[in-house]
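Q: First the structure, which I've put down as structure tokens, then a few questions once you've had a look.
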Amino acid sequence: MTTFVDRVELHVAAGSGGHGCASVHREKFKPLGGPDGGNGGRGGDVILVVDQSVTTLLDYHHSPHRKATSGRPGEGGNRSGKDGQDLILPVPDGTVIQDKDGNVLADLVGQGTTYVAAEGGRGGLGNAALSSARRKAPGFALLGVPGGLQDIVLELKTVADVALVGYPSAGKSSLISVLSAAKPKIADYPFTTLVPNLGVVTAGSMVYTIADVPGLIPGASQGKGLGLEFLRHVERCEVLVHVLDTATLESDRDPVSDLDIIEEELNQYGGLGNRPRLVVLNKIDVPDGKDLAEMVRPDLEARGYQVFAISAVAHMGLKELSFALAELVGQARAAKPKEEATRIVIRPKAVDDAGFTVVREDDGLYRVRGEKPERWVRQTDFSNDEAVGYLADRLARLGIEASLMKAGARTGDGVAIGPEENAVVFDWEPTVMAGAEMLGRRGEDHRFDAPRPASQRRRDKQAERDESDQEFDDFNPF
């Protein structure tokens, strides 16, 4: 059974916003007490958060579809809907987020680092929030905005200071087990290590992490064996350590040729040419291994490598190696640029930025693109004439009608708002009033202008008394 996964494709969906409510307050002797529809709740976000206790992407390998909860719709009595809960997805430190085309969206390094993978939709406004001095009784509410959808690729790149590279069974797992408290699986056959192992080493006052990168064989950079699966874990390491087997039983191998082959694979993978390197000649506890180490050491030092002859099993030469690695790690950390506080960049919109574009396509269709008009269209209930009229008013105030006229649009031309796969298409009628004309201007209900029954009865009685007094005055000449 797979226990370690470092690359998965994840399908995330944020929660949709709740619909607004269209309601009118009613109580005894007050049948039309005004709009009291509440707003819909916003949908929950999908957020990736670095968690140091998580070391694999296995959970997302088994469950690649994740969805946040949606907001609840608004209710009468000015009761707003409940917001959807954000979905928090913990990921290991060093997770790189990419889109399906391979573009890097975020590089999550450090405990608590977050990335919003999908943003929840806005809740729709209720008719109480839509009312104004001119629109006293809206008979409609806005719909909630659907939540965002995104397909992303999560790729884990181990965060370590030192990477141990070399042929299978060269002793990398044994070395990391004696330098640190890591307990990797160790056996005398190739590909014992199927996952990267990570350990913490203390050398004097320096503390650094060391990773065992398995599966490097000839052709690894082209996908042969397990190399391509784990070469990505070398990218974040500041120091590379070649672990060479001086007691191999294969007649066609020797430490120098092993080094050349692994270097060629690293060069073909790319991006690792400037990393400091040192060479470890392992298994000198074996007599033939010690002789071979002494034979090849001058050749390796002539190439400029710092060479250490050790035995991970017999714990020989480990102290010198750990302090040498600590020195290289310290130099690499000192050479790094100091981290600066994140600057807040404010990018104001240009004065002539209308927030939308109008483009005439080859088939004569006029397409409108922009964040506001596309969101307004999604929030409109097209079965409600008054809501459609409200949308027309908003689009006109934004300047879309003027832009359409400037672009050459005529009455009856097709206009599409939104992308091709999810657009609202209609015939443009700029001079036709939209909305509920039966109620007068949009949002006005003449029933509110009618007096209440009790007041009307008092007025009728007062008119009768006035008429009676007038008749008496006309009859009595004095």
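Q: If packing is taken as the mean number of other Cβ atoms within 10 Å per residue, what is the order of 406-413, 318-325, 271-278, highest first?
A: Final packing ranking: 318-325, 271-278, 406-413.
Q: List, in order, the whole-Hz ³J(HN,Hα) value for each residue of segment 142-158 obtained from phi through the Karplus relation with A = 6.51, B = -1.76, C = 1.60 and θ = phi - 60°; use x for Gly and Pro.
A: Whole-Hz 3J(HN,Hα) from phi for segment 142-158: 8, 7, x, 7, x, x, x, 10, 7, 9, 10, 10, 9, 10, 8, 10, 4.
Q: Within the set of other residues whose C-beta is less than 13 Å from the C-beta of ASP285, count the net charge using Lys and Arg as +1 and Asp and Glu as -1.
A: Local net charge: -1.
Q: Still on this structure, I have one more. What distance in nm separates the two pseudo spin-label positions at GLN111 and GLN306, each 7 Å out from Cα along the beta-carbon direction?
A: Placing both labels 7 Å beyond Cα along the Cβ direction yields 3.0 nm.
Q: What accessible area per residue comes out for segment 253-367, rounded to a whole number of Å², with a 1.4 Å probe?
A: 65
Q: If you don't mind, another one. With the Cα gyration tensor of segment 58-108 in hand, give its eigenvalues times 5 under a square root as the equivalent ellipsoid semi-axes, listed largest first in whole angstrom.
A: Computed over segment 58-108, the values are 34, 13, 11 Å.
Q: Oh, and also: Taking the Cα centre of segment 271-372 as origin and charging only Cβ (+1 Lys, Arg; -1 Asp, Glu), how large is the dipole, in debye to the nearest 20?
A: For this selection, approximately 440 debye.
Q: Compute log10 of I(q)/I(0) for segment 264-336 with the Debye formula, placing one identical point scatterer on every Cα and leaving out solvent, at q = 0.24, 0.25 Å⁻¹, to two decimals.
A: Taking Cα atoms of segment 264-336 as identical point scatterers yields -1.12, -1.14.
Q: How do the peptides 119-132, 90-103, 22-35 rank, highest first, by the average count of neighbouring beta carbon atoms within 10 Å per residue?
A: So the peptides 119-132, 90-103, 22-35, ranked by packing, come out 119-132, 90-103, 22-35.
Q: Estimate the FRET efficiency between VAL313 and VAL256 by the formula 1/(1 + (r/R0)^6), using the beta-carbon distance for r and 22 Å for R0, to the nearest 0.05. Can you show the working numbers first?
A: Working: r = 23 Å, r/R0 = 1.03.
Using R0 = 22 Å, I get an efficiency of 0.45.
Q: Here's another thing I want to ask about it. Give me the net charge for the shell around TYR208: Cβ to Cβ below 10 angstrom, other residues only, Lys and Arg +1, Asp and Glu -1.
A: Combined, the nearby Lys, Arg, Asp and Glu give -1.
Q: Residue by residue through segment 94-100, which ³J(HN,Hα) values in whole Hz follow from phi under the Karplus form 6.51 cos²θ - 1.76 cosθ + 1.60 (θ = phi - 60°), with glycine and proline marked x?
A: In residue order, the calculated couplings are x, 7, 9, 9, 10, 7, 5 Hz.
Q: Counting Lys +1, Arg +1, Asp -1, Glu -1, what net charge surrounds ASP93 among other residues with beta carbon under 15 Å of its beta carbon?
A: -3
Q: A follow-up question, please. Go through segment 199-206 residue by residue and turn each phi into a ³J(HN,Hα) via Karplus (6.51, -1.76, 1.60, θ = phi - 60°); whole Hz please, and just put x for glycine and proline.
A: Listing the rounded values in order: x, 10, 10, 10, 10, x, 8, 9 Hz.
Q: Can you pull the Rg over Rh of segment 1-123, Cα-only, Kirkwood?
A: So for segment 1-123, dividing Rg by the Kirkwood Rh gives 1.23.
Q: Right, something else. Against the globular-protein guess of 2.2 N^0.38 Å, express the Cα radius of gyration of segment 7-66 as a ratio, rounded to two decimals.
A: 2.09
Q: What residues have an amide H closer than 5 Å to that of LEU89, excluding those fewer than 5 places away on the same chain, when H is modeled at 1.01 Å from N in the peptide plane?
A: Long-range HN contacts for LEU89: ILE47, LEU48, VAL49.
Q: Which of the three applies to segment 31-71, rounded, prolate or oblate, going by the alpha-carbon gyration tensor with a ≥ b ≥ c and a/c under 1.5 meaning rounded?
A: Since a/c reaches 1.5 and a/b is larger than b/c, the shape of segment 31-71 is classed as prolate.
Q: Report D for segment 262-394 in µm² per second (integer): Stokes-Einstein, Kirkwood Rh on Cα pairs, 20 °C, 1.002 mPa s.
A: For these conditions, the coefficient is 95 µm²/s.
Q: Hey, another quick one. Once both labels are modelled 7 Å past Cα along the beta-carbon direction, what's the LYS338-LYS28 spacing in nm?
A: 7.6
The values are calculated or read from the model by the stated rules, or taken from the named source; none is laboratory data. Note that the structure is a prediction, hence the values are computed from the model and not measured. Every residue, glycine as well, gets a Cβ built from its backbone with ideal geometry; the counts of neighbours run over all protein chains shown. Each accessible area value is taken on the protein alone, full model and side chains, heavy atoms only, with ligands, DNA and RNA left out. Shrake-Rupley method; radii C 1.70, N 1.55, O 1.52, S 1.80 Å.
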